[in-house]
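> Structure below; questions to follow.
The values are calculated or read from the model by the stated rules, or taken from the named source; none is laboratory data. Quick caveat: nothing in here was measured; it's all calculated off a predicted structure. Cβ sites come from the backbone with ideal geometry, for glycine too, and all protein chains shown count toward neighbours. The protein model used for the area step is the full one, side chains on, heavy atoms only, and it has no ligands, DNA or RNA in it. Shrake-Rupley method; radii C 1.70, N 1.55, O 1.52, S 1.80 Å.
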Amino acid sequence: MKLPQNISAAVQQLYDTYPFPPEPLLDSPPPGYNWRWNWLSAYNFCTGQAPQKQNIRILDAGCGTGVGTEYLVHLNPTASVVGIDLSAAALSVAQERCHRSGASDRVEFHHLSLYDCSQLSGEFDLINCVGVLHHLPDPIRGIQSLAAKLAPGGLMHIFVYGELGRWEIQLMQQAIALLQGDKRGDYRDGVQLGRQLFATLPENNRLVRRERERWSLENQRDECFADMYVHPQEIDYNTDTLFELIDASGLDFLGFSNPNYWQLERLLCKSPALMERATELSDRARYRLIELLDPEVTHYEFFLGRSPLPKADWSSEKVLLSAIPQLSPCLHGWPSQQLFNYDYQLVNLSAAEFEFLQACDANSTEQRTVAEILTDGKLNPEEVRFLQKQQLILLTPN
Ligand SMILES: C[S@@+](CC[C@H](N)C(=O)[O-])C[C@H]1O[C@@H](n2cnc3c(N)ncnc32)[C@H](O)[C@@H]1O
């Protein structure tokens, strides 16, 4: 079997054979949260404040079997969501998934390429595009089509592959393609051949080791193995080529959504002299330095935005005290003094912090200001700023 001439047709055929992701369908809302799919949390992360608008429109571009789409519906109770994908098989699973968990009244699906998203009516406040652009023959055309549908003040969340941490995957993809020869494009054959290769290579072989240590758990499922090793189209990025893609979108880069990786301190903190040398670097050069020194990076995830977007500054006490606080919607274990924050990091609250958060929790109806809540004097403004920085609370300027 030969690959179809048209790359998009080959990609569609892969996902019609192996709809992705293969997560089971549940009869209830999906567990927990991913803060990147929660409009309030994502907006707060990007701008430092809560959004004005709640009744937003969300586009999940390349939604696959709808795992992310289902979260987008459940985590944003006043949003309407549109999912699009090339694969009819993936879309029918997505539809069934949302129906089963009671999410179907605020979501619609369309069998549509990213390239053609201009056919959708209106604009979107949040566009989520995870694991898709790197499978397009022309990712720049793809991101530009999406950018044209992003409303002013809107956010786009993107995830694309990184070349440094996927080096062994690329080698195995090429090896499987060579051995498949004319059978390339027969994805079931590719999976079988790939599994046979891994089982045959010496145990300490570099590709085998990387598969065993990093990927084998998820690759137990053929859908994941196929997505990784027998894909007909994949473009992997480094920070240089990533920013070419980002610049071509015409949108503003608002930050990586896995910010911890992008801290140079975690690599060079033992040498203030080296840290000092790096202070001259531009942001982009610093990102490049980080990935060169820690080439584990398997993907890039980040937010882009279309102006006008605010950038909150809570340093003035007057501005801070007059703001309206609310509890972050992404907390696990609330109400308790010990809980997990938006990023599932454990947080221990003092009694005074806990009380303040309780007041914020009750604030959706009361709309009290920070100053009005602080009247008991148990917490000071600096401590409120710290709660805001940790994203335990969201602030709305008043
Ligand atoms: C790796 S899956 C990601 C699915 C989903 N976004 C997720 O993260 O769970 C890639 C999806 O992108 C879809 N896709 C690829 N090219 C596309 C295009 N040009 N337009 C729309 N969807 C596309 C595929 O059909 C597939 O379902």
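> Using a 7 Å offset from the Cα along the Cα-to-Cβ direction at both residue 277 and residue 182, what is the distance between the two label points in nm, to one decimal?
In this crude label model, residue 277 to residue 182 measures out at 5.7 nm.
> Now for a separate question. When only the heavy atoms of the protein chains count and the probe is 1.4 Å, how do 39, 334 rank by accessible area, highest first?
Accessible-area ranking of 39, 334, largest first: 334, 39.
> Which value, in nm² and rounded to one decimal, describes the direction-averaged projected area of the C-alpha convex hull of region 118-241?
9.6 nm²
> Looking at region 153-262, which GluC sites (Glu not before Pro) are DSSP coil and have at most 14 other C-beta atoms within 10 Å of their C-beta?
Here the sparse-neighbourhood loop sites are 203.
> Compute the label zone of residue 105 within region 24-55: residues whose backbone N is under 15 Å from the point 7 Å along Cα-to-Cβ.
Taking a point 7 Å out along Cα→Cβ of residue 105, the residues of region 24-55 whose backbone N falls under 15 Å are 29.
> Rounded to the nearest 0.05, what FRET efficiency do residue 396 and residue 151 have when you use their Cβ-Cβ distance and R0 = 22 Å?
0.65
> Take 183, 318, 389 and sort them by solvent-accessible surface of the protein heavy atoms, 1.4 Å probe, largest at the top.
318, 389, 183
> Kirkwood hydrodynamic radius, region 220-338, all distinct C-alpha pairs: what's the number in Å?
Roughly 18.6 Å, rounded to one decimal.
> Would you calculate the separation in nanometres between label points at residue 189 and residue 337, each defined as 7 Å from the Cα along the Cα-to-beta-carbon direction?
Spacing of the two 7 Å Cα→Cβ label points: 6.6 nm.
> Suppose R0 equals 30 Å. What FRET efficiency, 1/(1 + (r/R0)^6) with r the Cβ-Cβ distance, do residue 311 and residue 267 give to the nearest 0.05?
So, using R0 = 30 Å, E works out to roughly 0.65.
> Okay, next question. Where only protein heavy atoms count, and the probe is 1.4 Å, what is the accessible area per residue for the chain in Å²?
46 Å²
> Springs between alpha-carbon atoms under 10 Å, Gaussian network over the chain: tell me which of 180, 52, 12 tops the mean-square fluctuations.
Of 180, 52, 12, the most mobile in the Gaussian network model is 52.
> Here's a follow-up. How many times 2.2 N^0.38 Å is the alpha carbon radius of gyration of region 1-122?
Normalised Rg, Cα atoms only: 1.13.
> Right, next: Using 18 Å as the cut-off for backbone N distance, which residues of region 7-22 belong to the label zone defined by a point 7 Å from the Cα of residue 138 along Cα→Cβ?
The answer is 7-12.
> Return the inverse of the average 1/r over all pairs of distinct C-alpha atoms in the chain, which is the Kirkwood hydrodynamic radius, in Å to one decimal.
23.0 Å is the Kirkwood radius here.
> Quick check: the distance between the Cα centres of region 348-398 and region 107-139, to the nearest angstrom?
Going from one Cα centre to the other spans 38 Å.
> Springs between alpha-carbon atoms under 10 Å, Gaussian network over the chain: tell me which of 225, 243, 124 tops the mean-square fluctuations.
Answer for the Gaussian network model of the chain: 243.
> Tally up the carbon and sulfur contribution to the accessible surface of the chain as a whole percent, 1.4 Å probe, everything protein left in place.
51 percent
> Sticking with this structure for a sec: Please state the Cα pair-distance histogram of region 317-396 with 10 angstrom bins from zero: what percent is in each bin?
The calculated distribution, bin by bin, is 20, 58, 22, 0.
> Scattering from the C-alpha atoms of region 164-229 alone, worked out with Debye: what is log10 I(q)/I(0) at q = 0.20 1/Å?
The Cα Debye sum returns log10 ratios of -0.76.
> Peptides 19-32, 267-280, 185-198: what's the order by average Cβ count within 10 Å, highest mean first?
Ranked by mean Cβ neighbours within 10 Å, highest first: 185-198, 19-32, 267-280.
> Tell me the label-point distance for the pair residue 27, residue 385, using the 7 Å Cα-to-Cβ offset, in nm and rounded to one decimal.
Those two pseudo-labels are separated by 5.2 nm.
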